[in-house]
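Please read the structure below before turning to the comments.
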Amino acid sequence: QDLDDLGAAQGDSAAARRAPWSRHTTQMSMELKSKTGHAVILADGERPSHGVALSVFRSATKVVACDGAWRTAVSLGRIPDAVVGDGDSVSADDIAELERLGVSVIRDPEQDTNDLCKAFRYVSGSGSAGRIAILGATGKREDHAIGNIFHLAEFAVVNPDVSIVTDS
């Protein structure tokens with residue numbers, strides 16, 4: 001039983017007024033936690049701040065950051081397992097710090113895809129990813145957010161257990 005069902009059973013009118021996607025988001029969070037492990041790809045969009053997104057992030061068995069998103073991962077209390085991207089938002093000092101922290105840095109300079117696609121390929125190719133949650137894919141630049149949402153359909157062909165989790 002999820003939280004909305006419990007609230008509704010107790011007559012909580014707030015549960016009944018929630019948007020239809022709220023229940024799905026709560027359910028997805030519970031499903032992610034109940035699996036033995038899931039990977040998070042942290043894109044360099046808006047920093048996750050909603051409780052569901054943060055719970056998904058904190059419970060991940062693997063965190064892969066897209067280029068500069070490694071700073072967001074650290075600010076959220078987690079050193080990423082890997083940083084993947086074309087390197088355009090990672091300085092030489094960043095790379096030195098990541099190496100000091102023992103983080104794998106995978107630089108892929110090709111420009112036909114964005115860093116999220118590169119990180120997805122990395123996670124999918126590692127063989128350890130079942131469910132993949134993508135955080136930080138929206139919020140800063142609309143063109144990036146739209147592109148990331150469109151890429152989700154491509155990702156689902158490779159792994160139908162992929163989703164974007166946002167703060168709204």
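The values are calculated or read from the model by the stated rules, or taken from the named source; none is laboratory data. Note that the coordinates shown come from a computational prediction; the quantities given were computed from them, not determined experimentally. Backbone-built Cβ (ideal geometry, glycine too); neighbour counts: all protein chains shown. SASA here: full protein model, heavy atoms, side chains in, ligands and nucleic acids out. Shrake-Rupley method; radii C 1.70, N 1.55, O 1.52, S 1.80 Å.
Observations on the structure shown:
- Using a probe radius of 1.4 angstrom, the carbon and sulfur fraction of the accessible surface of the range 32-81 is 49%.
- Accessible area (Å², per residue) of the range 121-168, counting only protein heavy atoms and a probe of 1.4 Å: 56
- Taking the convex hull of the alpha carbon positions in the range 75-117 and averaging its projected area over all directions gives 3.3 nm².
- Label-point gap, in nm, between Gln111 and Ile79 - each point 7 angstrom along Cα→Cβ: 3.4
- The modelled label-to-label distance between Phe150 and Ser126, using points 7 Å beyond Cα along the C-beta direction, is 2.8 nm.
- Pairwise Cα distances in the range 73-168 exceed 19 Å in 46 percent of cases.
- Here the Karplus relation 6.51 cos²θ - 1.76 cosθ + 1.60, evaluated at θ = phi - 60°, turns the backbone of the range 108-125 into coupling constants of 10, x, 4, 10, 7, 10, 8, 5, 4, 4, 5, 5, 4, 4, 4, 5, 5, x Hz, with x for every Gly and Pro.
- Rounded to the nearest 10 Å², the accessible area of Glu99 at probe 1.4 Å: 120
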